[in-house]
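Student: There's a structure below that I have some questions on.
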Amino acid sequence: MAKGKDKKSLLKIKIGDQVKEVSYEELALSNNLATEALVAILVEKGIIDPEEYLKKMQNVRKERYRDESEF
């Protein structure tokens, strides 16, 4: 994002009397951090195998995201 430009508000969160505007970038970062933490906990507890997780991510990426040449 360029300096001096206001971030575009995606949503507003009200906690008590305070309202916080959340940008798309903030929401994406928050989701990414939460996912990383959850995966780390699952790996540490031996609930998921890191290699199996990476293979699954690759499969999902192939299934959900088209190659630019398909456009």
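Read the figures in this text as sums done on the coordinates, not as results from a lab. Here the structure is a predicted model, which is why all the values come from computation and not from measurement. Every residue, glycine as well, gets a Cβ built from its backbone with ideal geometry; the counts of neighbours run over all protein chains shown.
Student: Any idea what the dipole of region 9-66 comes to, in debye rounded to 20, about its Cα centre with Lys/Arg Cβ at +1 and Asp/Glu Cβ at -1?
Tutor: Numbers: 10 positive and 10 negative charges, 67 e Å.
The calculation lands at about 320 debye.
Student: Out of residues 5 or more away from Ser23 or on other chains, whose amide H comes under 5 Å of its own, with H placed 1.01 Å from N in the peptide plane?
Tutor: For Ser23, whose amide H was placed from the backbone, the distant partners under 5 Å are Leu10.
Student: Given axes a ≥ b ≥ c from the Cα gyration tensor, I'd like to know whether region 9-66 is rounded (a/c under 1.5), prolate (a/b larger than b/c) or oblate.
Tutor: Working: a/c = 4.82, a/b = 1.78, b/c = 2.71.
Oblate is the answer for region 9-66, as a/c is 1.5 or above yet b/c matches or exceeds a/b.
Student: If you rank Ile15, Ile48, Ile41 by fewest surrounding Cβ atoms within 10 Å, what's the result? Before the final figure, lay out the partial values.
Tutor: Values: Ile15 7, Ile48 15, Ile41 11.
Placing the least packed residue first, the sequence is Ile15, Ile41, Ile48.
Student: Now for a separate question. Tell me which residues come under 5 Å, amide H to amide H, from Ile48 once H is placed; ignore anything under 5 positions away on its chain.
Tutor: The list, which skips near neighbours in sequence, is Val43.
Student: Full-extension gain between Glu63 and Ile41, please, as 0.36 nm times their residue separation minus the C-alpha to C-alpha distance.
Tutor: Numbers: separation 22, 0.36 × 22 = 7.92 nm, distance 2.62 nm.
Separation in residues times 0.36 nm, less the Cα-Cα distance, equals 5.3 nm.
Student: Still on this structure: How much length would be gained if the chain were fully extended between Asp49 and Lys20, taking 0.36 nm per residue of separation minus their Cα-Cα distance, in nm to one decimal? Please report the intermediate quantities before stating the final value.
Tutor: Numbers: separation 29, 0.36 × 29 = 10.44 nm, distance 3.76 nm.
Taking 0.36 nm per residue and subtracting the Cα distance, the gain is 6.7 nm.
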